[in-house]
Amino acid sequence: MTIVFSILAVVVIMMLMGVPVGFAFGLGGFAILFFTGIDPRFAMPAAFRSIESYTLMALPLFILAGALISESGISRRLLNFTMSIVGRTKGGLGVVCVVTCTIFGAISGSASGAIAAIGSIMIPEMTEQGYPRGYATGLVATSSMLALLIPPSIPMIAFAMTAQISILSAFLSTLIPGLLMMTSYSLINIFLSRRMENLVMTPRQPPGQKLKEIGHSTRRAAFALLMPVVVLGGIYGGIFTPTEAAAVSAVYAVIVGLVLYRAMTFKKLFSGVKNAMITSGAIMILLFFILMVSRIMVTQQVPQHLTQAMFSITTNKWGVLLMLNIILLLMGMLVDDVSGNILSAAILLPVAQSVGIDPVHFAAISVTNLSLGNVTPPCAPMLYLAGMIGGNLPLNEYIKPAGCFMIFGALPVILMVTYVPEFALFLVDLFLR
């Protein structure tokens with residue numbers, strides 16, 4: 001057991017040094033096999049069987065859909081639609097950013113996709129309207145978390161597959177937390193915007209002209225807004241499975257971008273497919289090695305030892321939940337959301353179940369915490385990506401506004417989800433149980 005924990009510590013050090021997560025876990029896994037004498041034929045076939053899953057096909061297909069959506073012109077029309085409704089009030093442009101990231105999440109399920117598609121448009125737009133560039137960058141970075149909470153969510157598929165729970169239940173568990181976080185971000189943005197003296201206020205329109213603008217933007221964004229209705233309505237209506245829904249969303253994105261909006265060229269189509277293949281390949285390698293390591297850790301009773309270590313501190317359910325939150329937040333700082341949720345399902349879920357936590361409830365706890373970890377330094381991949389999109393800004397320019405949204409917007413929602421299970425389970429109990 002000491003050998004296993006020592007090697008895992010080395011894996012963490014390698015990730016902090018910049019070694020890709022998949023390779024770090026691959027090296028760690030083979031090192032554990034070598035030093036413990038475990039037969040590789042025990043761990044590796046199990047990992048292969050796990051990734052040979054029909055359910056898992058939803059993962060690369062949703063990645064493909066997200067890549068195609070980024071090239072289809074959908075993001076610009078979503079922004080114009082949201083702008084027509086709330087964009088002319090003080091702080092309205094920030095609300096547009098938050099709401100559009102939420103809608104984009106209901107289409108793509110990708111935080112990086114939301115930052116690339118929405119941030120590349122919103123950061124220059126907000127800067128032109130008088131928002132500090134650092135503020136706009138921090139808002140886009142933290143709003144990208146919403147793409148991981150609003151179904152369909154790629155990390156949630158990874159968690160559900162590893163934990164062997166219903167993907168539909170996992171999707172529903174983060175819908176209310178996602179909407180709560182969207183609301184809290186919007187309110188915080190409006191409060192902070194009131195103190196910005198240089199904001200450019202777009203003149204208000206007469207009611208008739210306002211309705212005309214909303215109607216025009218709605219017509220132009222109709223096919224984009226219809227996409228989450230088709231995908232999620234089809235899933236929850238029992239018309240198709242999540243895997244089939246992922247395929248439908250990819251085909252829908254091609255039809256909308258190539259034929260209806262005509263914003264996608266064949267060059268962009270092939271570029272989107274290529275990027276999706278690269279991302280999916282990297283995630284599959286990552287999945288294989290993490291599943292191999294998690295299989296070894298289960299064999300070596302790492303979850304049981306972790307449970308005993310926590311229970312040596314406290315056996316109180318709420319205390320264990322607090323420690324799990326801290327571990328998940330730290331994990332989110334070190335690894336990406338997909339690999340973090342696989343590790344969470346494999347190692348931490350047994351600990352949560354030992355104190356009576358529903359697996360679907362823990363899925364919501366895991367995804368909300370890990371999404372926050374993805375924008376929390378030192379690693380913070382989504383935070384740094386937003387900084388690059390915002391013009392390679394130094395971290396000190398956008399960490400303060402991002403911190404405001406994380407501390408006052410995200411943390412309260414995470415605590416509510418953790419300690420009030422109904423926030424995660426209400427819709428699940430209403431529709432699926």
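Express the relative contact order of region 320-368 as a whole percentage, based on alpha carbon pairs under 8 Å and six or more residues apart in sequence.
With pairs under 8 Å counted, the relative contact order is 44 percent.
First select every other residue whose beta carbon is under 15 angstrom from the beta carbon of Ile157; then total the charges, Lys and Arg +1, Asp and Glu -1.
The answer is -3.
Tell me the relative contact order for the chain as a rounded percent, counting alpha carbon contacts under 8 Å between residues six or more apart.
RCO, the chain: 27 percent.
Each residue of region 307-315 in order: what ³J(HN,Hα) in whole Hz does its phi give by Karplus 6.51 cos²θ - 1.76 cosθ + 1.60, θ = phi - 60°, with x for Gly and Pro?
4, 4, 5, 5, 5, 6, 8, 7, 9
For the chain, set up a GNM with springs between Cα atoms under 10 Å and report which of Gly28, Gly281, Gly91 has the largest fluctuation.
In this elastic network of the chain, the residue with the biggest mean-square fluctuation among Gly28, Gly281, Gly91 is Gly281.
Using alpha carbons only, how many degrees (0 to 90, rounded to 10) separate the axis of helix 154-163 from the longest principal axis of the chain?
30
Which residue, Ile157, Ile285, Ile123, tops the fluctuation ranking in a GNM of the chain built on C-alpha contacts under 10 Å?
Largest GNM mean-square fluctuation: Ile285.
Would you mind checking the radius of gyration and Dmax of region 294-406 based on alpha-carbon positions, in Å?
16.0, 48
Using r as the Cβ-Cβ distance of Leu179 and Arg41, and R0 as 56 Å, what FRET efficiency do you calculate, to the nearest 0.05?
0.75
Got a sec? How would Val428, Val10 order by Cβ neighbour count within 10 Å, fewest to most?
Fewest-to-most Cβ neighbours within 10 Å comes out as Val10, Val428.
What order do you get for Val254, Val273, Val140 when you list them from fewest to most C-beta neighbours inside 10 Å?
Val273, Val254, Val140
Just to be sure I understand the model, the point goes 7 Å from the Cα along the line to the Cβ. What's the resulting Asn396 to Ala9 distance in nm?
Output for this residue pair reads 3.4 nm.
Take every Cα pair under 8 Å in region 240-366 that's 6+ residues apart, average their separations, divide by the length, and report that relative contact order as a whole percent.
That works out to 24 percent.
For region 234-325, what D do you get in µm² per second when you plug the Kirkwood radius from alpha-carbon pairs into Stokes-Einstein at 37 °C and 0.692 mPa s?
Rounded, D is 185 µm²/s.
Could you run the Karplus curve 6.51 cos²θ - 1.76 cosθ + 1.60 with θ = phi - 60° over region 327-337 and give me ³J(HN,Hα) per residue in whole Hz, x for Gly and Pro?
4, 5, 5, 5, 4, x, 6, 9, 10, 6, 5
Compute the signed sum of charges (Lys and Arg +1, Asp and Glu -1) over the other residues within less than 14 Å, Cβ to Cβ, of Thr127.
Neighbourhood net charge equals -2.
Per DSSP helix of 4 or more residues, -39500 (n - 2.57); summed, then divided by the residues of the chain. What does that give at 222 nm, rounded to the nearest 500?
That comes out to -23500 deg cm²/dmol.
Which length gain, in nm to one decimal place, applies between Ile407 and Ser271 when the Cα-Cα distance is subtracted from 0.36 nm times their residue separation?
45.2 nm
So what are the ³J(HN,Hα) numbers for region 98-112, from phi and the Karplus equation (6.51, -1.76, 1.60; θ = phi - 60°), rounded to whole Hz, Gly and Pro as x?
The phi angles translate into 5, 5, 5, 4, 5, 5, 4, x, 6, 9, 10, x, 10, 5, 5 Hz.
Taking each pair of different alpha-carbon atoms in region 207-252 once, compute 1/r for the pair, average those values, and report the inverse of that mean as the Kirkwood hydrodynamic radius in Å to one decimal.
Evaluated on region 207-252, it is 11.9 Å.
Could you give the size of the charge dipole of the chain about its Cα centre, using +1 on the Cβ of each K and R and -1 on the Cβ of each D and E, expressed in debye and rounded to the nearest 20?
My answer is approximately 1060 debye.
Ranking request for peptides 171-184, 317-330: highest mean number of other beta-carbon atoms within 10 Å first, then the rest in descending order.
Peptide ranking by packing, descending: 171-184, 317-330.
Please check: in the Gaussian network model of the chain (C-alpha springs, under 10 Å), which one of Arg76, Arg49, Arg219 has the largest mean-square fluctuation.
For the chain, modelled as a Gaussian network with Cα springs under 10 Å, the answer is Arg49.
Given Leu432, Ser312, Ser354, which one lies farthest toward the positive end of the charge dipole of the chain, if we put +1 on the Cβ of every Lys and Arg and -1 on the Cβ of every Asp and Glu?
So the residue furthest toward the plus end is Leu432.
FYI, it's all coordinate maths here, none of it is from the lab. Note that the structure is a prediction, hence the values are computed from the model and not measured. In this analysis, Cβ positions are derived from the backbone assuming ideal geometry, glycine residues included, and neighbour counts consider all displayed protein chains.
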